[in-house]
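In what follows, a single structure is set out as structure tokens and then discussed.
The values are calculated or read from the model by the stated rules, or taken from the named source; none is laboratory data. Owing to the predicted nature of the structure, the values given are computational and were not obtained by experimental measurement. Cβ coordinates were reconstructed from backbone atoms using ideal geometry, including for glycine residues, and neighbour counts include every protein chain displayed. Remember, those area values only see protein heavy atoms, side chains included, never the ligands or the DNA or RNA. Shrake-Rupley method; radii C 1.70, N 1.55, O 1.52, S 1.80 Å.
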There are 2 protein chains.
Amino acid sequence: MDSDRSGVLTEVSVQEPKANPKGKAVAGAAPPPPVVISSKVTTTSNPKGGWRRGFAIFDLVLRLCGIAVALAATAIMGTTQQTLPFFTQFFVIANAIASGYLVLSLPFSIICIVRPHLRGLRIVLIVLDTLMVGLAMAAAASAATIADLAQNGNSNANWAPICQQFDDFCQSITEAVQSSFAVAVIFILLVVFSSLSLRRN
Amino acid sequence: MDSDRSGVLTEVSVQEPKANPKGKAVAGAAPPPPVVISSKVTTTSNPKGGWRRGFAIFDLVLRLCGIAVALAATAIMGTTQQTLPFFTQFFVIANAIASGYLVLSLPFSIICIVRPHLRGLRIVLIVLDTLMVGLAMAAAASAATIADLAQNGNSNANWAPICQQFDDFCQSITEAVQSSFAVAVIFILLVVFSSLSLRRN
């Protein structure tokens, strides 16, 4: 039985033949009909489907926001001057993967709205979203490190700040870092709300 | 039926005809119906508690491994020459937080072994582990970026590699990065197995 339905089924049957009050012989009489008291109470309420569906709708909205933000991060970094090829490439690829995953996950999110009690699908989404938390956070942190070095440099390593020379790049990478952190936070929220929707009622 | 309840179905039927008070013969009367006492007890035990407990034990082992690896990462980076103060600090603090969280989560992991059906506690652990995935991955990615720059430099930004000068630092940061990525992977595995243990039977 589904854990979300509290099914209560009670059935009581009592069969009690009346005694012959006078004790006289009743020739050929059929035995008295049994008294049957049947009480059947069936309660199949599902009061908590609502919040599950609410979480599922919120999940879909978050994914749509995530697609927009991840695509923005990809576009911002992808269209900048490629000053730091390796990091830019990793960042663009990671955010493109995040966008693609979010698009592909939309149908499953919609299925979770239609059938909010599907636990297996939700668990699959939690696992994949967690991997995406790692990917998005790695891209964001890596880009943030580069952005900080570009802005401030590092005197110990003799790395001079480059934002005087590449002002456009520094502007782009700052926006891209913010977007990428936002994507990571969105994935964390997705995991949190998916987990909460696995609560028992 | 819910996996966490051992279903007990008890059915008792008592059919007891009243005695003829005068004890006279009742010619042609139907024979008194037999007294039937039926007691039916069906116990549906939970045969799947085993894998849940197995996951919980694996969870505890993973956390113990995670503590060792995170402490190693913290120690390696914390005892190196602080060539890049900000990143070193962030890395050390992040891994120290991860170690501390893992230590604090041990009692709850043990509770999950004793009571493998506690769903709420498991969900709390999933949420916190997910946050730790983000933290550990950010520390690892940031350190990996610095390690790569220290190793290879970046010609576009005129950042020279520094591993010739700071060989000890480069050795340390490489080990620390590997440890920190291992910590992040451990957290991802924790989330995955916790999610799987929320499956319905």
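Between copies, the label points at A:ALA96 (set 7 angstrom from Cα along Cα-to-Cβ) are spaced 4.1 nm, reported in nanometres from shortest to longest.
Comment: the Cα-to-Cβ extended label point of B:GLN171, at 7 Å, lies 4.6 nm from its counterparts in the other copies, nearest first. When B:LEU118 is represented by a point 7 angstrom out along its Cα-to-C-beta vector, the spacings to that point in the other copies are 3.2 nm, nearest first.
When only C-alpha pairs under 8 Å and at least 6 residues apart count, what is the relative contact order of the stretch B:59-111, in percent?
Details: 36 pairs, mean separation 27.2, N = 53.
Averaging sequence separation for qualifying contacts and normalising by length gives 51 percent for the stretch B:59-111.
Rounded to the nearest 100, the interface formed by chains B and A buries 4400 square angstrom of accessible surface, both chains summed, with a 1.4 Å probe.
When +1 charges are put on Lys and Arg Cβ atoms and -1 charges on Asp and Glu Cβ atoms, the dipole computed for the stretch A:49-196 relative to its Cα centre reaches about 860 debye. The label point for B:ALA68 and the one for B:GLN165, both projected 7 Å from the Cα toward the Cβ, are 3.8 nm apart.
Based on the Stokes-Einstein relation at 37 °C and a viscosity of 0.692 mPa s, and on the Kirkwood radius from alpha carbon pairs, the stretch A:49-196 is assigned a translational diffusion coefficient of 204 µm²/s. Charging the Cβ of each Asp and Glu at -1 and of each Lys and Arg at +1, and nothing else, the dipole of the stretch B:112-201 about its Cα centre rounds to 900 debye. Mean partner shielding of peptide A:179-192, defined as the number of other chain Cβ atoms within 10 Å of each residue Cβ, is 2.
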